[in-house]
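Visitor: Encoded as structure tokens, here's the structure I'll be asking about.
What follows draws every value from the coordinates through simple rules; no lab data is involved. Since the model is a prediction, treat every value here as computed from it, not as a measurement. Counting neighbours? That spans all protein chains shown, and the Cβs are built from the backbone with ideal geometry, glycine included.
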């Protein structure tokens with residue numbers, strides 16, 4: 001076999017591998033985090049189970065810093081963010097998986113917000129959800145890109161938990177770092193009873209209804225994040241389905257679902273100085289309103305806003321280097 005034939009076969013193999021991969025774009029819209037990844041049994045940990053994502057505070061608050069990883073098209077597992085991580089001790093205040101950046105198969109220490117996904121599940125569909133069964137530590141969103149679904153309420157839609165639960169967490173569930181609430185425990189993790197953990201005599205949906213609990217803590221989580229699972233036997237409405245070649249997962253405390261105003265790119269060292277600013281004008285709630293790039297207050301940086309998952313939506317941008 002000559003070199004030309006070998007090269008052709010190599011390219012064919014590369015294309016085959018690429019075609020059978022699903023892409024995950026992981027974004028950070030907040031302070032620096034360490035991402036954790038754990039495969040379900042029989043599935044490996046992508047990127048050795050973890051990596052760091054820089055935050056935007058030091059320069060542009062409105063930019064999500066990101067990385068992209070590929071997964072086999074039948075992969076199943078979970079993603080989470082670890083917060084307040086110390087590069088020296090390699091430990092994190094929330095979501096910790098041991099003294100390491102790469103979790104290598106280990107899970108995150110609760111309380112932690114989980115993004116769970118099973119690719120090529122029943123009927124060849126991808127199943128994904130956000131779970132607060134182990135509590136909450138950070139906001140999270142998962143969005144399929146150019147997915148194919150049946151048009152139903154939970155088909156190829158964004159699943160989100162973008163409420164600031166830490167600021168509203170009941171006192172008995174709060175996890176603090178100094179005086180700051182950094183996570184909100186599940187009732188199971190806080191009290192360790194069979195009833196709250198749906199174990200022992202309460203290990204069936206019929207015997208573990210949160211409405212029968214001494215305190216219905218899942219109702220609090222469900223009210224704040226209706227898309228998310230709130231306890232082990234929560235209803236199945238929080239499971240979303242799609243078939244997509246790419247999913248965008250975003251973590252970070254700057255995620256918002258009720259924002260209305262402007263976003264600008266201002267370096268820290270001049271944030272208290274009156275300078276011309278390129279701005280993005282945006283309304284997210286109660287209904288998604290218009291969005292635009294505004295030069296009414298001048299120009300300092302090129303900016304763009306890109307809708308993801310919408311229909312007939314256009315990019316708004318100012319691509320010219322006016323300076």
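Visitor: Using 0.36 nm per residue of separation minus the Cα-Cα distance, give me the extension gain between residue 235 and residue 313 in nm, one decimal.
Guide: Working it through step by step, the gained length comes to 24.8 nm.
Visitor: Test of understanding: what is the full-extension gain from residue 23 to residue 216, defined as 0.36 nm times their sequence separation minus their Cα-Cα distance?
Guide: Numbers: separation 193, 0.36 × 193 = 69.48 nm, distance 3.78 nm.
Going from the current span to full extension adds 65.7 nm.
Visitor: Want the number for residue 90 to residue 304: 0.36 nm per residue separation, take away the alpha-carbon distance, what's left? If you can, show how the numbers build up before the last one.
Guide: Working: separation 214, 0.36 × 214 = 77.04 nm, distance 3.56 nm.
That works out to 73.5 nm of additional length.
Visitor: Could I ask something else about it? Exposure proxy check: 92, 198 ranked by fewest other beta carbons within 10 Å? The partial results should precede the final answer.
Guide: Details: 92 25, 198 19.
Fewest to most other Cβ atoms nearby, the residues stand as 198, 92.
Visitor: Say each of residue 296 and residue 158 gets a label point 7 Å from the Cα, pointing the same way as Cα to Cβ; how far apart are those two points in nm?
Guide: 2.4
Visitor: Also, quick follow-up: Taking other Cβ within 10 Å of each residue's Cβ, how do 164, 129, 234 sort, fewest first?
Guide: Details: 164 13, 129 23, 234 20.
Ordered from fewest to most neighbouring Cβ atoms within 10 Å, 164, 129, 234 come out as 164, 234, 129.
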